[in-house]
Amino acid sequence: MKHFEVNFDGLVGPTHNYAGLSFGNVASLANAKSSSSPRDAALQGLAKMKALHDMGMQQGVLAPQERPNIYALRQIGFTGTDAEVLAKAAQQAPAIFQAVCSASSMWTANAATVSPSADTANGKVHFTPANLTNKFHRSLEPVTSGRILKAMFSNERYFQHHRHLPDNEHFGDEGAANHTRLCQDYGLAGVEVFVYGRHAFDSSKPAPTKYPARQTYEASEAIARLHGLSEDNTVFMQQNPDVIDQGVFHNDVIAVGNRNTLFYHQEAFANTEAKFAEIQTKFGDDPVHFIEVKSAEVSVQDAVNTYLFNTQLINLPSGEMVIIAPTECQENERVASYLAELVTRDTPIRQVHYFDVKQSMRNGGGPACLRLRVALNDEELAAANQHCLMNDALYGKLTDWVKRHYRDTLAVDDLRDPALLEESRTALDELTQILRLGSVYEFQR
Ligand SMILES: N=C(N)NCCC[C@H](NC(=O)CCC(=O)O)C(=O)O
């Protein structure tokens, strides 16, 4: 039996914009109110997916969500036709209106936490959509994320879907952005590492003071319970509260793991030594490569600005491990020279590939934010929705679809245009046919 890690990248939605919605995410606040290009954003994302497919990787696509979210506006009392609801909300509650327009579902590392069948008690692949309660605009995602994931992984013999955790900050869950899995091979039981920012039910424990800790310990524990993980293959680690206060709003902004390698910044975690010892014990006899980047080599600030750790660490079919990095890393002298040197060191990482995902980066979303990892064996892969898997034909269809439906530029003021809602629905209706998802959107139900 063969085993793969399949990366499902989020397709950027037609309303991609910069609204400054994410307190604690430095890029989101810095670029607030700039104009965006939904078309370029979607094409940049597709180019990355196609390039990984061309490298021989299994690559998938995760559909975006319907925005503006009229239903959320109706729920809070705006009435009338869809156009009237939009106009009233834009005028009376502009900040809320911008939040319901966000294309933030593109960052699919926050769509769900996924545990592969090798780790779970019942031998199925488990999915729990993230509730994303810390940000209103993101809390609108989990129901549709769950529907889309079910439409992609519908076979109950192999896949089990859970409801998202209680919609409350005590169970704040940010999905795979705060979860990484170390293993000797994708098909073997691995160690699932959950990284949380604070304890919700114990205020005596350390927590950041300036910016929010989005992921709680209690949420991480709940996911491990739901997925039927055993204590022997689960580790809970706290993120260093000081780095959250420096703009590290998700753990995947400061650490990334793949197979036997954890690439991380010296300041990433609290209680690092004891937790790494636990990871090594649970991992087994083979050594885990803990690749530490020292603050003297790359500062936390440079890591946050360039997303050195929001890189994808992947194994090519040849077995070589490579880093997929944003071009921001190449443009920063210290980070670029660090990476150039890293691949000459005695670690499993052999190459660096740079990608332009600047449209996403301006909202604090690097290559790793844009993808949800799902480790599957060949039977499970065959049971998944094949129309969501990247190949030359799908790439052609999706680039054509983007060019026909997406605007080249979008200013925050354009969001109030009722035509944008219609454009978005027309595009998504066609997309569900291309990806054979069925009626996953409210407007289709
Ligand atoms: N690190 C990972 N895995 N994901 C990045 C998510 C970025 C996203 N930005 C935003 O939602 C900004 C939207 C705006 O400001 O318009 C967030 O903060 O949740």
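The values are calculated or read from the model by the stated rules, or taken from the named source; none is laboratory data. Just so we're clear, the structure is a prediction, and the values are computed from it rather than from any experiment. Note that we place each Cβ from the backbone using ideal geometry, even for glycine, and neighbour counts take in every protein chain shown. We work out accessible area using only protein heavy atoms, side chains counted, and drop any ligands, DNA or RNA first. Shrake-Rupley method; radii C 1.70, N 1.55, O 1.52, S 1.80 Å.
Cβ separations smaller than 8 Å between residues 6+ apart or across chains give the following pairs from segment 243-258 residues that are away from the ligand (no atom under 11 Å from the Cβ) to residues that are in a helix (DSSP H, G or I): VAL243/VAL300; GLN246/VAL300; GLN246/GLN301; GLN246/VAL304. Of all the numbered requirements in (1) part of a helix (DSSP H, G or I); (2) under 30 Å from ALA255 (Cβ atoms); (3) open to solvent by 10 Å² or more (accessible area, probe 1.4 Å), ALA83 misses one, and that requirement is (2). Scanning segment 269-287 for residues that are without any contact (Cβ under 8 Å) to a residue 40 or more places away in the chain and crowded, with 18+ Cβ neighbours inside 10 Å yields a single hit, PHE276. Among the residues here, VAL243 qualifies as within 24 Å of SER299 (Cβ to Cβ) and aliphatic (A, V, I, L, M).
Among all positions in segment 153-169, there is no residue which is under 19 Å from GLY10 (Cβ atoms), within 13 Å of the ligand (Cβ to nearest atom) and in contact with a Leu (Cβ under 7 Å, 6 or more places away or on another chain). In segment 151-165, which residues are assigned to a loop (DSSP other than H, G, I, E, B) and surrounded by 21 or more Cβ atoms within 10 Å (Cβ to Cβ)? PHE153, HIS164, LEU165 - these are the residues of segment 151-165 that are assigned to a loop (DSSP other than H, G, I, E, B) and surrounded by 21 or more Cβ atoms within 10 Å (Cβ to Cβ). Of all residues assigned to segment 87-99, none qualifies as being within 13 Å of the ligand (Cβ to nearest atom), touching a strand residue (DSSP E or B) at 6+ places or on another chain (Cβ under 7 Å) and open to solvent by 10 Å² or more (accessible area, probe 1.4 Å). Does LEU188 satisfy the criteria of being aliphatic (A, V, I, L, M) and open to solvent by less than 10 Å² (accessible area, probe 1.4 Å)? No, not satisfied. Within segment 235-250, the set of residues being within 21 Å of GLU278 (Cβ to Cβ) and open to solvent by less than 10 Å² (accessible area, probe 1.4 Å) comprises VAL235, MET237, GLN239, VAL243.
Considering segment 108-136 alone, what residues qualify as being part of a helix (DSSP H, G or I) and open to solvent by less than 10 Å² (accessible area, probe 1.4 Å)? The answer is THR108, ALA109, ASN110. Among the residues of segment 154-179, those identified as under 22 Å from LEU376 (Cβ atoms) and in contact with an Asp or Glu (Cβ under 6 Å, 6 or more places away or on another chain) are TYR158, ALA177. Which residue is farthest from the chain's Cα centre (by Cα), if the candidates are limited to segment 323-358 and must be within 14 Å of THR306 (Cβ to Cβ) and of a type in the set (Lys, Arg)? Out of the qualifying residues, it is ARG334.
Annotation: of all residues in segment 18-57 being within 12 Å of the ligand (Cβ to nearest atom), outside any loop (DSSP other than H, G, I, E, B) and of a type in the set (Gly, Ala, Ser), the one that is most open to solvent (accessible area, probe 1.4 Å) is ALA30.
Based on what the data block shows, is ASP413 acidic (Asp, Glu), modelled with pLDDT under 95 and out of contact with any Leu (no Cβ under 7 Å at 6 or more places or on another chain)? Yes: the conditions hold for ASP413. The residues of segment 291-348 that are small (Gly, Ala, Ser) and open to solvent by 10 Å² or more (accessible area, probe 1.4 Å), listed by number, are SER295, ALA296, SER299, SER318, GLY319, ALA336, SER337, ALA340.
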